[in-house]
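**Q** Below you will find the structure I want to go over with you.
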Amino acid sequence: RRVATDWADRAADVLLLNFLVQYLAVTLPGVLGILSPLMIAITTLALSAVLYFAPARVVPAAAAVPFTRADDRWVVLACTLFAVAYVATTGWEQRPMPVMANDAVTYHFPAAVRWLQTGRLSLFETWFFNPANTYSPLAGSTFIAWWIAPVGNDVLAHNVQLPAVPLIFFAALRLMRAIGARAGVAAIVGLALVLSQPILRQSIMEKDDLYLTAFFACVVAGCAADRMRDRLGPWRVGVALGLLLATKFTALLAVPALLLLIDAPIRVRWRPWSYAIAAGAALLLAGPWYVRNVVLTGNPIYPVEVRVAGHTVLHGLFATARSPQLSGVGSVWALLTTRDQSLPRAPTIVLLAALTAAFAGRFRRLGSDPLIRMCLLGPLVALAVYLASSPYAEVRFLFPAFVLLFAAAAIAIESWVTKPALQWVAAAVVFVPAWATGFSLSGAHGAVVAELVTSAALITAAGLAVAWLLVHFPARRNEMVGFGSGIAVLILAGLVFVYWKAFIKGCREIAFIPAYQTQYKSVAYDWKFIDTLPPDEPLAYANTFLVHPMSGFDHRRPLLYVPTRRGITHIHDLPPIAGRLSGEQIAPAFAAALTTDTDPDAWLAHLFASGARYLVVYLHGAAPNPPELSIVNAHPERFETLYHDDAAIIYRLRK
């Protein structure tokens, strides 16, 4: 079905459906045990065909604030082009780099690789790390698997979060227009959001926080009254909520803020079938991850223990404690404004002032308008939940609150600034500090920013020129679109044909040295040596959670861990850890738990029965004294040393 709205409003639905197709194209074959690049392609094409050829029902436009002025139309288009071009150019600058982020090489990418190797969605056990990542929903890894599948390596998945940025922009634009902001002003504030430091820097990280943010924004924007009344309303909210909850456990930190919208469907008089559609879609998309945990452990959010009034309601391996970095006003302010993914002081002060102005201007509508309530109170609720319960002092968990803060700025402008010229000035006051602090404007970074601005400006100018031609020559529109699209496809295909092999070769050559060396030091040399081993022969590892580079550039090498602790086969076999653990304590606590009560004979038997041909023991990894070393030294006849440096020892197993 299609809803006949303007192109900017429709884009949010199109992008949301795009991610739904990617998610289902991996999860459906994965659940059936037939996951492969071919099945991902077939499922993608089949789902896309169903959506494309489904009967269309045209309904009246639902945009809350239509493009009543020509300058609004052009400003929205210019901001869209500039945002996409700026973020895409940022990703282009990072194109040859391998997967670098700790979480990415620990479980985001290894889980996707394991699924493609085994043909099914299975648990990827994060030994020596936070075991919650083993049992967490992993929608982000499904998107990674979707990008890995067609080329057999992760070069397309390096910038996996980039596609989420346009969805954040269009969902925020839809939200701000729904609360009454002028379209052009909303576009400038939306541009400020996606070019701000938190979103921009996260866009080149191989994680999933921007997907969580995008789906959260879609849920909020989808609760606008006109959006909930159209035929896609329940589906839109249900799909966005399902994908949000399917992304990872930390989505639960954003759920309390969504309760501010609890009366939105009541106000538009949803019928029972509307509630059923929204709830059913959310449960079908996110439910299986949590049901799996219930079946395996009896706890949907295992391994986190749930306690109520001092009583354990759901058993787990550990209970969480608030990060100690969230304890003081000064430390919290520094955390929120001075880290790489924080919102720096200047835009934070502007947004807090705007939030105050928005409260003053729209306080009387808090009870009657769910979206106004969400934008004004949502950031405060999200911050309170984060400070009260987050085990990690990670600002990225607050990204959904940043979307609401920028929307509150749009409310402030709409409330207090009536003259169009002054509205542009007010929007610029929000945009300039947010963009200027995205990357440093001095030194080498300044040159990079100048390149980004130049490239984005040229692409924006070209896009506006094409749009002008389409508007002023409507009789030739179909020809221009047809020929232009054909020429673009031919050029792209030609560039891929000419440069693809050289690009892949370049990525392979710099992956370990110098790329990994810059962040992981001498460990990069161990990964480089492992890459020379036969790619199809399984490798056992010990005392590390940084596993993705060991699977090889083409991800053909199976990786496995054999526990040394007596009676342990899987993570859920470990005994619970007493007390409450902050995020900083979880990995050391479980590393210590894994390296006690060693059973050498059982470990040797399990290792040689596992099919592993090689073993790598990291000397200074998760635990200071890996027990595997003493066992290997006691049985030298069974292990041949292939490589040894100050970071690791690599052995060949002698049968």
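The values are calculated or read from the model by the stated rules, or taken from the named source; none is laboratory data. Please read all numbers here as calculations on a predicted model, not as lab measurements. Every residue, glycine among them, receives a Cβ derived from its backbone with ideal geometry; neighbour counts consider all protein chains shown. The accessibility values were calculated without ligands, DNA or RNA, using every heavy atom of the protein model including side chains. Shrake-Rupley method; radii C 1.70, N 1.55, O 1.52, S 1.80 Å.
**Q** Would you confirm whether or not segment 325-345 contains a residue that is within 30 Å of Leu123 (Cβ to Cβ), open to solvent by less than 50 Å² (accessible area, probe 1.4 Å) and of a type outside the set (Phe, Trp, Tyr)? Let's see the steps before the verdict.
**A** Let us first name the residues in segment 325-345 that are within 30 Å of Leu123 (Cβ to Cβ), namely 341.
Filter once more, so that each one left must be open to solvent by less than 50 Å² (accessible area, probe 1.4 Å): 341.
Okay, now just the ones that are also of a type outside the set (Phe, Trp, Tyr), so 341.
Yes, the conditions are met somewhere in segment 325-345.
**Q** Restricting to segment 113-127, what's the tally of residues that are assigned to a loop (DSSP other than H, G, I, E, B) and in contact (Cβ under 8 Å) with a residue 12 or more places away in the chain?
**A** So in segment 113-127, the residues assigned to a loop (DSSP other than H, G, I, E, B) come out as 119-127.
Adding the requirement that they be in contact (Cβ under 8 Å) with a residue 12 or more places away in the chain leaves 119-121, 123-127.
Going through segment 113-127 one residue at a time, the tally reaches 8.
**Q** Could I ask something else about it? Of the residues Ala401, Ala357, only one is buried (at least 18 other Cβ atoms within 10 Å of the Cβ) and under 22 Å from Leu195 (Cα atoms); which?
**A** Going through Ala401, Ala357 in turn, the sole match is Ala401.
**Q** Pull up segment 631-651, narrow it to residues that are of a type in the set (D, E, K, R) and in contact with a Lys or Arg (Cβ under 8 Å, 6 or more places away or on another chain), then point me to the one that is farthest from Val616 (Cα to Cα).
**A** The qualifying residue farthest from Val616 (Cα to Cα) is Glu637.
**Q** Return the only residue of Leu193, Leu258, Leu244, Leu210 being open to solvent by 10 Å² or more (accessible area, probe 1.4 Å), part of a helix (DSSP H, G or I) and within 23 Å of Val385 (Cα to Cα).
**A** Being open to solvent by 10 Å² or more (accessible area, probe 1.4 Å), part of a helix (DSSP H, G or I) and within 23 Å of Val385 (Cα to Cα) holds for just one of Leu193, Leu258, Leu244, Leu210, which is Leu258.
For (1) in contact with a strand residue (DSSP E or B) (Cβ under 6 Å, 6 or more places away or on another chain); (2) under 15 Å from Pro131 (Cβ atoms); (3) among the aliphatic types (A, V, I, L, M), each residue gets a yes or a no:
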{"position": "Thr569", "(1), (2), (3)": "no, yes, no"}
{"position": "Asp573", "(1), (2), (3)": "no, yes, no"}
{"position": "Arg580", "(1), (2), (3)": "yes, no, no"}
{"position": "Ile586", "(1), (2), (3)": "no, yes, yes"}
{"position": "Tyr618", "(1), (2), (3)": "yes, no, no"}
{"position": "Gly621", "(1), (2), (3)": "no, no, no"}
{"position": "Asp646", "(1), (2), (3)": "no, no, no"}
{"position": "Ile650", "(1), (2), (3)": "yes, no, yes"}
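**Q** So the check is Cβ under 8 Å with 6+ separation or different chains; which pairs have a first residue in segment 503-523 that's over 16 Å from Arg95 (Cα atoms) and open to solvent by 50 Å² or more (accessible area, probe 1.4 Å) and a second one that's part of a helix (DSSP H, G or I) and of a type in the set (Gly, Ala, Ser)?
**A** Taking only residues 6 or more apart or on different chains, the pairs are Gln517/Ala524.
**Q** OK, next. Across segment 313-324, which residue is nearest to Leu252 (Cα to Cα) among those that are of a type outside the set (Gly, Ala, Ser) and open to solvent by less than 60 Å² (accessible area, probe 1.4 Å)? Steps first, answer last, please.
**A** The first filter runs over segment 313-324 and keeps only residues of a type outside the set (Gly, Ala, Ser), leaving 313-315, 317-318, 320, 322, 324.
Narrowing the set further to residues that are open to solvent by less than 60 Å² (accessible area, probe 1.4 Å) leaves 314, 317-318, 320.
Numbers: Leu314: 16, Leu317: 19, Phe318: 18, Thr320: 14 Å.
Among those residues, the one meeting the criterion is Thr320.
**Q** Specify the residue that is surrounded by the most Cβ atoms within 10 Å (Cβ to Cβ); the eligible residues are those in segment 428-447 that are part of a helix (DSSP H, G or I) and among the β-branched types (Val, Ile, Thr). Can you show your working first?
**A** First, the residues of segment 428-447 that are part of a helix (DSSP H, G or I): 428-436, 443-447.
Retained after the next criterion (residues that are among the β-branched types (Val, Ile, Thr)): 429-430, 432.
On the way: Val429: 16, Val430: 25, Val432: 14.
Once the filter is applied, the top-ranked residue is Val430.
**Q** Of Ala450, Ala462, Ala456, which residue is open to solvent by less than 80 Å² (accessible area, probe 1.4 Å), under 30 Å from Thr337 (Cβ atoms) and either without any contact (Cβ under 8 Å) to a residue 60 or more places away in the chain or outside any helix (DSSP H, G or I) (or both)?
**A** Going through Ala450, Ala462, Ala456 in turn, just one is open to solvent by less than 80 Å² (accessible area, probe 1.4 Å), under 30 Å from Thr337 (Cβ atoms) and either without any contact (Cβ under 8 Å) to a residue 60 or more places away in the chain or outside any helix (DSSP H, G or I) (or both): Ala450.
**Q** Would you check if there is a residue in segment 165-186 being aliphatic (A, V, I, L, M), under 30 Å from Arg508 (Cβ atoms) and modelled with pLDDT of 95 or more? Before the answer, list the steps.
**A** Taking segment 165-186 and keeping what is aliphatic (A, V, I, L, M), we get 165, 167-168, 171-173, 175-176, 178-179, 181, 183, 185-186.
Still in the running and under 30 Å from Arg508 (Cβ atoms): 165.
Now drop any that are not modelled with pLDDT of 95 or more, which leaves 165.
Yes, that holds for at least one residue.
**Q** Oh, and also: How about segment 563-588: which of its residues are in a loop (DSSP other than H, G, I, E, B) and either surrounded by 13 or more Cβ atoms within 10 Å (Cβ to Cβ) or at negative phi (or both)?
**A** Once the filter is applied, which keeps residues that are in a loop (DSSP other than H, G, I, E, B) and either surrounded by 13 or more Cβ atoms within 10 Å (Cβ to Cβ) or at negative phi (or both), segment 563-588 yields Pro563, Thr564, Arg566, Ile568, Thr569, His570, Leu574, Pro575, Pro576, Ile577, Ala578, Ser582.
**Q** Another question about this same structure. Output the number of the condition that Ser415 fails; it satisfies all remaining conditions of (1) open to solvent by 50 Å² or more (accessible area, probe 1.4 Å); (2) over 30 Å from Asp103 (Cα atoms).
**A** The one condition Ser415 does not meet is (1).
**Q** Take the residues in segment 360-398 that are open to solvent by 20 Å² or more (accessible area, probe 1.4 Å) and of a type in the set (S, T, N, Q); name whichever of them is nearest to Val430 (Cα to Cα).
**A** Going through the qualifying residues, I end up with Ser368.
**Q** Looking at (1) within 24 Å of Val350 (Cα to Cα); (2) free of Cβ contacts under 8 Å to residues at least 24 places away in the same chain; (3) part of a helix (DSSP H, G or I); (4) open to solvent by less than 80 Å² (accessible area, probe 1.4 Å), can you tell me which one Val425 breaks?
**A** All conditions pass for Val425, except number (4).
**Q** Can you pull out the residues in segment 218-241 that are in a helix (DSSP H, G or I) and among the charged types (D, E, K, R)?
**A** Selection gives Asp226, Arg227, Arg229, Arg236.
**Q** In addition: Could you please let me know if Arg557 is at pLDDT 95 or above, among the basic types (Lys, Arg) and either open to solvent by less than 10 Å² (accessible area, probe 1.4 Å) or out of contact with any strand residue (DSSP E or B) (no Cβ under 9 Å at 6 or more places or on another chain) (or both)?
**A** Details: at pLDDT 95 or above: yes; among the basic types (Lys, Arg): yes; either open to solvent by less than 10 Å² (accessible area, probe 1.4 Å) or out of contact with any strand residue (DSSP E or B) (no Cβ under 9 Å at 6 or more places or on another chain) (or both): yes.
So Arg557 fits the description; yes.
**Q** Evaluate the following for Ala591: is it surrounded by 18 or more Cβ atoms within 10 Å (Cβ to Cβ), part of a helix (DSSP H, G or I) and at pLDDT below 95?
**A** Considered against the rule, which asks whether it is surrounded by 18 or more Cβ atoms within 10 Å (Cβ to Cβ), part of a helix (DSSP H, G or I) and at pLDDT below 95, Ala591 comes out as yes.
**Q** Look through segment 379-422, keep the residues that are in contact (Cβ under 8 Å) with a residue 12 or more places away in the chain and of a type in the set (Val, Ile, Thr), and return whichever of them is farthest from Leu245 (Cα to Cα).
**A** Here the residue is Ile413.
**Q** Out of segment 605-623, which residues are open to solvent by 10 Å² or more (accessible area, probe 1.4 Å), within 14 Å of Thr569 (Cα to Cα) and either touching a residue at least 12 places away in the same chain (Cβ under 8 Å) or in a strand (DSSP E or B) (or both)?
**A** Answer for segment 605-623, where residues must be open to solvent by 10 Å² or more (accessible area, probe 1.4 Å), within 14 Å of Thr569 (Cα to Cα) and either touching a residue at least 12 places away in the same chain (Cβ under 8 Å) or in a strand (DSSP E or B) (or both): His606, Ser610.
**Q** Considering Glu451, Glu479, Glu394, Glu414, which residue is within 30 Å of Thr250 (Cβ to Cβ) and of a type in the set (D, E, K, R)?
**A** The match here is Glu394.
**Q** Go through segment 81-127 and count every residue that is in contact with a Gly (Cβ under 7 Å, 6 or more places away or on another chain) and modelled with pLDDT of 95 or more.
**A** 6
**Q** Answer with yes or no whether Ile631 is part of a strand (DSSP E or B) and either of a type in the set (A, V, I, L, M, F, W, C) or open to solvent by less than 80 Å² (accessible area, probe 1.4 Å) (or both). Walk me through how you get there before you give the answer.
**A** Values: part of a strand (DSSP E or B): no; either of a type in the set (A, V, I, L, M, F, W, C) or open to solvent by less than 80 Å² (accessible area, probe 1.4 Å) (or both): yes.
Here the answer is no, as Ile631 does not meet what is asked.
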